[in-house]
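The values are calculated or read from the model by the stated rules, or taken from the named source; none is laboratory data. All of these numbers come straight from a predicted model, not from anything done at the bench. Neighbour counts are summed over all protein chains in view; Cβ atoms, including those assigned to glycine, are modelled from backbone coordinates with ideal geometry. With ligands, DNA and RNA removed, areas are computed over all heavy atoms of the protein, side chains included. Shrake-Rupley method; radii C 1.70, N 1.55, O 1.52, S 1.80 Å.
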Amino acid sequence: MFCLPSDLEDRDSFETRNGQPAIFTDCTRKCDAGAPKRICYYKWVLELYNVMGTACGNCSKGVMRDCDRPQCVPGDGVERSCLTINRQMDGPPIDVCQGDLVVVDVSNMMEGIEETIHWHGILQKGFQFMDGVPMLTQCPIAYLNIFRYNVQSARVWHFLLPFTFRYSLWY
């Protein structure tokens, strides 16, 4: 369940429903000057997943419809275990406008691995302890734990996870 941050500044500048700041799970929209800000909520699950595994059927043999099967993560075409977010290798997109509050609950489902999300190039004014540098700006998220990232956008964002290395994620 999502609860609004108790210290949310300028509550009145956010889009409302029934007199309360509204929570959106998709904030994709045209960013208009003066439009109300949004609280954009995302739920991510980090897990090691076998890419190009049995869920992909004959994808590796060129049967393209198998590459689009549910739970198939083709990766680079080589079967191996990779870190995924919501069983996606390019990670879920985040599309927000300037001033929106981005809230991401990250669940670590990787036994024996602690992880963080590092927000590359994002000014963390007021949220510097959520920058995702393990043991420097935050403790890593332990197995079966959830960490909530709160990031206020300083500009229009469109994030896609550009690439995944063995156990590292960038945003």
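Where the second residue is in a loop (DSSP other than H, G, I, E, B) and open to solvent by 90 Å² or more (accessible area, probe 1.4 Å) and the first is in contact (Cβ under 8 Å) with a residue 60 or more places away in the chain and lies in the range 62-87, which pairs have Cβ atoms under 9 Å and are six or more apart or on separate chains?
Filtered contacts from the range 62-87: C82/R166; L83/R166.
What are the residue pairs meeting all of these: first residue in the range 93-104, first residue in contact (Cβ under 8 Å) with a residue 24 or more places away in the chain, second residue in a loop (DSSP other than H, G, I, E, B) and not hydrophobic (A, V, I, L, M, F, W, C), Cβ atoms under 6 Å, and 6 or more apart or on different chains?
D95/T28; V96/S153; Q98/S153; Q98/R155; D100/R38; D100/S153
Among what's in the range 80-98 and is part of a loop (DSSP other than H, G, I, E, B) and modelled with pLDDT of 85 or more, pick the residue that is farthest from D68 (Cα to Cα).
C97
For T137, state whether it is at pLDDT 75 or above, surrounded by 15 or more Cβ atoms within 10 Å (Cβ to Cβ), of a type in the set (S, T, N, Q) and in contact with a strand residue (DSSP E or B) (Cβ under 6 Å, 6 or more places away or on another chain).
Answer is no for this residue.
For the range 33-75, enumerate the residues that are at pLDDT below 90 and more than 29 Å from L144 (Cβ to Cβ).
Residues satisfying the conditions are A33, G34.
Cβ-Cβ below 6 Å, separation at least six or inter-chain, first residue in the range 9-36 and more than 14 Å from G99 (Cα to Cα), second open to solvent by 60 Å² or more (accessible area, probe 1.4 Å): which pairs?
A22/T16
I'd like the full set of residues that are open to solvent by 50 Å² or more (accessible area, probe 1.4 Å) and on the phi > 0 side of the Ramachandran plot, limited to the range 30-59.
G34
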